[in-house]
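These notes are about the structure you will find just below.
The values are calculated or read from the model by the stated rules, or taken from the named source; none is laboratory data. Just so you know, these numbers come straight off a predicted model, no measurement behind them. Don't worry about glycine lacking a Cβ; one is built from the backbone with ideal geometry, like all the others, and counts go over all protein chains shown.
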Amino acid sequence: MAAGLREMVRSAGGQVLGEDEWVAATCPETNRSTRPGLLPVLGIALLHTGISLVNTMVTATSDRVRDLAVLRLAGVTNGQVLRLVRAESLLVVAVGALLGLAVAALDLTGRRAALGLLPVRPTPVLPWPTIGAVVGACAFLAALASVAPAGLALRRHAVELAGIRE
């Protein structure tokens, strides 16, 4: 059927184009101008996200110095405290990533329903390698931003830290 349709269109003086061919024929500047224009915006958004993540983790860890000191007084080693802090920060990133994926899935479901009204069925594509890289970078930043202040705080005596008023 598709071959017959193509032949009918060609005999009428038309042409059948694929998606990429149609975009190249109708909007040749789209790919060359859109992607480079989006990269600075994405870069600024990712930089702001990284700064916010680091600031949140440093603040949260610094506020828990007394709790960490109590753990030390209970007999937990510095290494165990730092592993606990790192595990907590990675858990925060995992929960954030799952919530982000849930919001993206909801958004894509709505978009797919709206685009389903078109005669051509578009297929949304998630860039899994990019998502994985961003989650990995967030996990690294969160672990570093929580373990560093905890490590600095643990240099002081636990008895001294436990007496700090919040």
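Please tell me if Leu108 is of a type outside the set (S, T, N, Q), modelled with pLDDT under 90, more than 18 Å from Thr49 (Cβ to Cβ) and part of a loop (DSSP other than H, G, I, E, B). Judged against the criteria, Leu108 is not a match. If the condition is being among the aliphatic types (A, V, I, L, M) and modelled with pLDDT of 90 or more, then region 21-59 contributes Ile44, Ala45, Leu47, Ile51, Leu53, Val54, Met57, Val58. Scanning for something assigned to a helix (DSSP H, G or I), under 30 Å from Val147 (Cα atoms) and at pLDDT 90 or above, does region 65-78 turn up at least one residue? Checking region 65-78: at least one residue is assigned to a helix (DSSP H, G or I), under 30 Å from Val147 (Cα atoms) and at pLDDT 90 or above.
Determine whether Val159 is assigned to a loop (DSSP other than H, G, I, E, B) and either farther than 30 Å from Asp20 by Cβ or out of contact with any helix residue (DSSP H, G or I) (no Cβ under 6 Å at 6 or more places or on another chain) (or both). No; evaluated as a whole, the condition is false for this residue. You will find that of Thr77, Thr56, Thr49, the residue that is among the polar types (S, T, N, Q) and under 16 Å from Val134 (Cβ atoms) is Thr49 and no other.
Among the residues of region 89-108, those identified as surrounded by 13 or more Cβ atoms within 10 Å (Cβ to Cβ) and either of a type outside the set (Gly, Ala, Ser) or within 17 Å of Ser62 (Cα to Cα) (or both) are Ser89, Leu90, Val92, Val93, Leu101, Leu108.
The residues in region 57-69 that are exposed (fewer than 15 other Cβ atoms within 10 Å of the Cβ), within 25 Å of the chain's Cα centre (by Cα) and either farther than 18 Å from Leu91 by Cα or in contact (Cβ under 8 Å) with a residue 40 or more places away in the chain (or both) can be counted, and the count is 1.
Say whether the condition of being more than 22 Å from the chain's Cα centre (by Cα) and not in a helix (DSSP H, G or I) is met by at least one residue in region 83-94. Within region 83-94, not a single residue is more than 22 Å from the chain's Cα centre (by Cα) and not in a helix (DSSP H, G or I). Filtering Arg86, Arg111, Arg121 for residues that are among the basic types (Lys, Arg) and either surrounded by 13 or more Cβ atoms within 10 Å (Cβ to Cβ) or in contact (Cβ under 8 Å) with a residue 40 or more places away in the chain (or both) leaves a single hit, Arg86.
Filtering region 131-149 to residues that are β-branched (Val, Ile, Thr) and farther than 21 Å from Gly43 by Cα leaves only Val147. Of all residues in region 95-126, those that are closer than 27 Å to Gly43 by Cβ and either under 11 Å from the mean Cα position of the chain (by Cα) or among the polar types (S, T, N, Q) (or both) total 7.
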